[in-house]
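Only the coordinates and a few stated rules stand behind these numbers; no lab work does. What you see is a predicted model, and the numbers here were worked out from it, not measured in a lab. All Cβ positions, even for glycine, are placed from backbone atoms using ideal geometry, and neighbour counts span all protein chains on display.
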């Protein structure tokens, strides 16, 4: 059933260009810092995906994930590992993985999984420092890397086809929030600020230009998402900057499209921005079409719905629609037809989406133990599962 559309003006639309932003090189850090002499310690000879597997054993080599099934894949992380970010594009899934099982604050490395061959590759191997929050797009992975124990860091780009690394930008306590084409959104700590303070920036890779999007004082928070044309993020403080923000990558124009601190987990693709909304006291999913200004109640189904992730026309979200409020399921919605299908066969309170792309849906399941969350990652071939047709449309049940 098509969601109801409330054709009202956006509650607040604030449009500013780059000229209204504080532009420049972003937070300062030493440009003399080296990143493993241009490669990764112990992995300067890493083989690109698709090559024959090396003889080395363990997670730092190509490893068969057995059994490998064309419809449903359980990725190698064993459920005793802390994973902060999972991203996917086409055949690739990128994630950070803490091998020191039991300590979510210890070091982590970046892993890349190939859904076509069911193989995992460890693309970093630093024994003491942190590599984290990877974002994969069209043959490239961007992630944050700690250079020392003082918080100096660098955004690193990894070319999948050649297994080569490029330093993109140096800053303090830096983390990748999204990467598409020539742009990277990142968080970094301003000089002299507490360790928990982070501003949000947009980096143009070819020029090295870094533009401030939002300051710590304005309440920049986690939960953003990036498309090929826009980046969106939430602000969760009660001031004039609260709500859901979106910036157009090509022009730098910013808008606040939802002025409520009860809105979070925004996601974007094309002219859609979609988010989890709590204005009624219960989670539900709303959206706005940027060109038309329509505010849409996306999941008008009477259930709890949240954590949306949009790519092209496919919206992944979690819902209690089939569980009667006793747990989440992962669902997929076709934003062109509003058809919804259940993806998971059993409910769980720890489900969350990555993205649906190129016929694959990637999601994770978090299990809490002693107030700490541990993660598993799953991938579903939606065409093989009978959920998508060969044109990428969600098939009605």
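Just a few scattered comments:
- Computed label-point distance, nm, for sites residue 116 and residue 207 using a 7 Å Cα→Cβ extension: 3.5
- Inter-site label distance for residue 338 and residue 72 at 7 Å from Cα along Cβ, in nm: 3.1
- FRET efficiency for residue 271 and residue 149, using Cβ-Cβ distance with R0 set to 45 Å, rounded to 0.05: 0.50
- You can think of it this way: the chain between residue 162 and residue 228 has 21.4 nm of extra reach, that is 0.36 nm per residue less the Cα-Cα gap.
- Net lengthening on full extension, residue 300/residue 348 (0.36 nm per residue, minus Cα-Cα): 15.1 nm
- Note on residue 262 and residue 367: their simple-model spin labels are 3.5 nm apart, each label 7 Å out from Cα toward Cβ.
- Chain lengthening between residue 391 and residue 326 when straightened (0.36 nm per residue, less Cα-Cα): 20.0 nm
- Averaging Cα coordinates gives a centre for the range 286-302 and one for the range 342-397; these two points are 23 Å apart.
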